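Structure first, commentary second.
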Amino acid sequence: MTTSAVAPPAARLRTELVTRPEQARALAPEWEALARRSGAGPLSLPDYCLDWWHHLGRGRLLVATVRDQDGSLLALAPLHERGLGPARVVRWLGHGLGTVAQVLLEPGREDAARALWAAVARRGRVLELTETRADRPGVPDPAALDGPSRRTTVTPRDECPVCDLTDDDGLGVVRAQGNKNLRKSLKRADAALEQRGATFDVEVATDRPGFEALLPAVREVFDDAEADRPRQHFLRPPYEPMTLDYLRRRFDDGAAVLLVGHVGGRPIAFQAGMVDAGPDTDGGTVSLWLARFHPEFADLKPGYLLQRATFTWAARAGLRRVDLLLGASQTKRQWSTDSYGTLQVTSGHPLLLRVASAAEAVLARRRERATAPAEPNGD
């Protein structure tokens with residue numbers, strides 16, 4: 001009697017690099033299902049990734065997938081690649097917008113992640129994976145990738161505060177024993193409102209008509225905020241088409257929320273988030289994506305007032321967690337009960353890494369010159 005040797009798991013895995021948008025869109029149902037099973041955030045879902053690629057992507061799409069012998073999707077990395085000099089630089093879809101990304105991985109299938117990165121990290125490619133979520137499996141392993149012509153580094157980069165809502169009104173974090181400064185800030189905001197003889201009124205939209213009705217107010221706040229402190233104006237080119245397409249689709253699906261705060265009938269702050277209802281057993285999450293306030297009303301601390309309203313809305317909507325996404329500012333820390341980190345992953349031939357870095361620096365300087373305000377001509 002003879003027995004055939006059992007092939008190691010990796011030998012039964014099939015990797016594919018999807019480079020055509022129509023193929024990637026056809027993957028969307030499987031992609032989204034795997035994202036749910038792997039606990040991914042909204043910025044790794046196909047609607048966000050592919051809207052970003054359609055409107056802002058450059059180079060070549062590179063959605064990496066791994067399947068088992070039965071064709072089941074085990075791993076997916078939403079990537080793209082661009083040529084920078086002799087290097088082909090691989091980045092997450094959503095790069096440049098503070099996107100927190102990750103490999104979508106079937107639980108317990110780290111072998112699929114290893115196969116995925118082995119297929120992606122080919123000769124001539126440089127990995128530059130910014131804001132890779134640190135608390136999820138599938139991060140590239142230097143021990144598996146490195147060799148004579150490749151060096152991989154994985155370093156901490158940033159933090160994403162989160163708050164678990166344990167009270168019916170969502171404000172347990174405000175009442176927490178160690179959060180005296182947050183209570184003081186809210187008290188000062190309420191006192192400033194009272195001194196003005198004003199109230200802070202909040203409108204909430206959770207569907208497409210409501211979003212469209214509040215969009216002019218959002219534009220007004222965004223314009224004034226950017227005029228005072230330019231950052232990234234998501235409602236101006238080149239970002240506006242992607243922002244509107246993405247949010248409209250989310251509102252059509254009942255998976256987004258927009259809150260706009262008014263004082264004296266004037267919009268002074270807004271906050272938009274993506275809603276994941278989650279399983280019935282543990283509630284869901286709202287991930288706060290965009291928020292700005294009118295600088296003229298800074299004395300009212302409109303960010304604090306709107307955050308209080310957002311947490312209350314989330315709790316009443318049955319959500320159990322608020323994800324404040326990227327950036328561990330003092331304000332975000334005050335509103336959080338926990339956090340998760342992000343990583344910077346770079347991998348490639350040492351020479352190509354240096355060349356790609358130098359090429360990116362040149363492009364960054366060109367972008368700065370292109371967006372710099374014109375010098376006065378003295379007339």
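The values are calculated or read from the model by the stated rules, or taken from the named source; none is laboratory data. Because the structure is a prediction, the values reported are computed rather than measured. Methodologically, a virtual Cβ is constructed for each residue, glycine included, from the backbone with ideal geometry; neighbour enumeration extends over all protein chains shown.
Given the conditions (1) closer than 27 Å to Tyr304 by Cβ; (2) surrounded by 15 or more Cβ atoms within 10 Å (Cβ to Cβ), report the number of the one that Gly178 does not fulfil.
For Gly178, the failing item is (2).
Touching a residue at least 24 places away in the same chain (Cβ under 8 Å) and surrounded by fewer than 24 Cβ atoms within 10 Å (Cβ to Cβ): does that describe Asp111?
yes
Quick test of your reading of the structure: Asp164 fulfils all but one of (1) over 27 Å from Pro302 (Cβ atoms); (2) touching a strand residue (DSSP E or B) at 6+ places or on another chain (Cβ under 6 Å); (3) not β-branched (Val, Ile, Thr). Name the failing condition by number.
(1)
Condition first: free of Cβ contacts under 8 Å to residues at least 40 places away in the same chain, more than 16 Å from Thr130 (Cβ to Cβ) and under 18 Å from the mean Cα position of the chain (by Cα). Can you find one or more residues in the stretch 60-79 that meet it?
Looking for residues that are free of Cβ contacts under 8 Å to residues at least 40 places away in the same chain, more than 16 Å from Thr130 (Cβ to Cβ) and under 18 Å from the mean Cα position of the chain (by Cα), one finds none in the stretch 60-79, hence no.
Per-residue answers, yes or no, for (1) under 24 Å from Asp141 (Cβ atoms); (2) modelled with pLDDT of 90 or more; (3) more than 23 Å from the chain's Cα centre (by Cα):
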| position | (1), (2), (3) |
| --- | --- |
| Leu319 | no, yes, no |
| Leu353 | yes, no, yes |
| Ala361 | no, no, yes |
| Pro373 | no, no, yes |
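Looking at Asp141, Asp68, Asp111, Asp146, which is the one that is more than 14 Å from Gln344 (Cα to Cα), modelled with pLDDT of 90 or more and touching a Lys or Arg at 6+ places or on another chain (Cβ under 9 Å)?
So the residue among Asp141, Asp68, Asp111, Asp146 that is more than 14 Å from Gln344 (Cα to Cα), modelled with pLDDT of 90 or more and touching a Lys or Arg at 6+ places or on another chain (Cβ under 9 Å) is Asp68.
Checking Ala272 against (1) in contact with a helix residue (DSSP H, G or I) (Cβ under 6 Å, 6 or more places away or on another chain); (2) modelled with pLDDT of 95 or more: exactly one of these is not met. Which one?
Just one mismatch for Ala272, condition (1).
Using the structure shown, decide if Thr243 is among the polar types (S, T, N, Q) and under 22 Å from Leu171 (Cβ atoms).
No; evaluated as a whole, the condition is false for this residue.
If I go through the stretch 319-347 residue by residue, how many of them are in contact (Cβ under 8 Å) with a residue 60 or more places away in the chain and part of a helix (DSSP H, G or I)?
Residues that pass the stated criteria total 3.
The rows are residues; the columns are (1) out of contact with any helix residue (DSSP H, G or I) (no Cβ under 8 Å at 6 or more places or on another chain); (2) among the aliphatic types (A, V, I, L, M); (3) not assigned by TED's automatic domain parsing to the domain that holds Arg25.
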residue	(1), (2), (3)
Ser44	no, no, no
Trp53	no, no, no
Gly59	yes, no, no
Val66	no, yes, no
Leu84	no, yes, no
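Which numbered condition in (1) surrounded by 13 or more Cβ atoms within 10 Å (Cβ to Cβ); (2) within 30 Å of Arg58 (Cα to Cα); (3) of a type in the set (Lys, Arg) is the only one that Arg188 fails?
Among (1) surrounded by 13 or more Cβ atoms within 10 Å (Cβ to Cβ); (2) within 30 Å of Arg58 (Cα to Cα); (3) of a type in the set (Lys, Arg), the lone unmet condition for Arg188 is (2).
Going residue by residue through the stretch 5-18, is there one that turns out to be under 30 Å from Ala256 (Cα atoms) and surrounded by 15 or more Cβ atoms within 10 Å (Cβ to Cβ)?
Yes, some residue in the stretch 5-18 is under 30 Å from Ala256 (Cα atoms) and surrounded by 15 or more Cβ atoms within 10 Å (Cβ to Cβ).
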